[in-house]
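Before any comments, here is the structure.
What follows draws every value from the coordinates through simple rules; no lab data is involved. Every value quoted in this text rests on a predicted model; they were computed, and no experiment measured them. All Cβ positions, glycine included, derive from the backbone under ideal geometry; neighbour counts span all protein chains shown.
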């Protein structure tokens, strides 16, 4: 009877070893010692009580119980194997309407091409609003790349770690890689992938906005400012700043994109020469030129065969239904890397068209990115009310309001390839319109093409499943006839027929 406790001790040691491994897997020597001692105790117990175990096993009730125990062990083993496989080869189905829990193809490309290990530390609590979103999103990231390591830290339970990272608010994720650190405070895919790209790049690509000519400010949070566009670029991993060519003698060599957005006052000849020199050396230029402005950039544009036409674009077909005739809702795009993934219309309030001289620009590959419909024109007299096309003074459409050029002949190996994109409107990128469906897509695609960031060209925030429908005038009239006239008339006729049939009964 003195040996009976050996079985109890063996079971206790086996259980303690399993619990110890789950709590401290790094102390494998201790777990091995406990499991070995448990096995020794159980073997001694079986040897000492061999005769009793033999007699016990020969009973009918024991055999029936053994069969039941075997079925239970088999079922538990199946569950354990299924869970083991699921933990290492998990499959997830996203059944949400707008695929909220699926990563964009661009994010998958970024994850597959990660150059080094990335550690993501999320400081949040289970009761915080961002906890579940961070967990679901980062689980998808971690499954897509073995180079991603994700850790969750409760700043209340582990205040020392939070203090070391300088965390002063919850729902903050810190990305670390090779000495670089990037922080985000939102679990959105745009923020997370942008941080992933920034933290794995040795140098951020710089986007500079020209200033000094009445351009909208990057820090202006009002409707006419560009702060939202700046935030979008920052989230995509760009370093955004300003440049004054009235003070600087040249555009910095490390500039990935030079943006001239809505200048109101003249750009001097010296500034235009500096911009031209930057492009000829392999620079990338984005020009957003509004109608009715004193900033005459045609001397710069004509060197590449480009130009901006007179007047304001009017479109009777592709425009906002309740908006002005000059509020264009562009739906016609040309096949190009910038426009290949565009699915939503782009709103251009008060735009002008782009021209191209094939003889002057014969060395450049010209692609008009977006056009008006055939039922459009460039209205040269914007003072009066726009109603009809004047064949003598106005310019008949369709007309391009955005265009891209790049050299037909590739530059020598190792040298950058210059590129220019001209858009006949800057208002579409301001705070009032940049979040309109399609506007942010077009702006980001253009920046990504110019900066040669192909993996970010379609990485845009997922819209809500409830999207507003913006009809053009033709669609608006069709809805009017259907809802106000046809449906009530059909119900009235059906009611009359039912009434006559019941009267005959």
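By the beta-carbon count within 10 Å of each Cβ, the least crowded to most crowded order of 360, 200, 107, fewest first, is 360, 200, 107. Placing dummy labels 7 Å off each Cα toward the beta-carbon, the span from residue 249 to residue 112 is 4.8 nm.
Placing a pseudo-label 7 Å from each Cα along the Cα-to-Cβ vector at residue 151 and residue 163 gives an inter-label distance of 1.7 nm.
Quick check on packing: order 487-496, 388-397, 110-119 by the mean number of other C-beta atoms within 10 Å, highest mean leading.
Details: 487-496: 10.1, 388-397: 13.9, 110-119: 15.7.
Highest-to-lowest ranking by the protection proxy: 110-119, 388-397, 487-496.
Multiplying the sequence separation of residue 204 and residue 127 by 0.36 nm and subtracting their Cα-Cα distance, what value in nm do you get? It would help to have the intermediate numbers written out before the result.
Numbers: separation 77, 0.36 × 77 = 27.72 nm, distance 3.53 nm.
Net length gain for the segment: 24.2 nm.
For residue 264 and residue 221, the FRET efficiency from 1/(1 + (r/R0)^6), where r spans their Cβ atoms and R0 equals 25 Å, is about 0.80.
If I take R0 = 45 Å and measure r between the Cβ atoms of residue 135 and residue 481 in this structure, what FRET efficiency does the formula 1/(1 + (r/R0)^6) give, to the nearest 0.05? Provide the component values of the computation, followed by the final result.
Details: r = 50 Å, r/R0 = 1.11.
Calculated transfer efficiency: 0.35.
Taking other C-beta atoms within 10 Å as the exposure proxy, 367, 484, 330 rank 484, 367, 330 from fewest upward.
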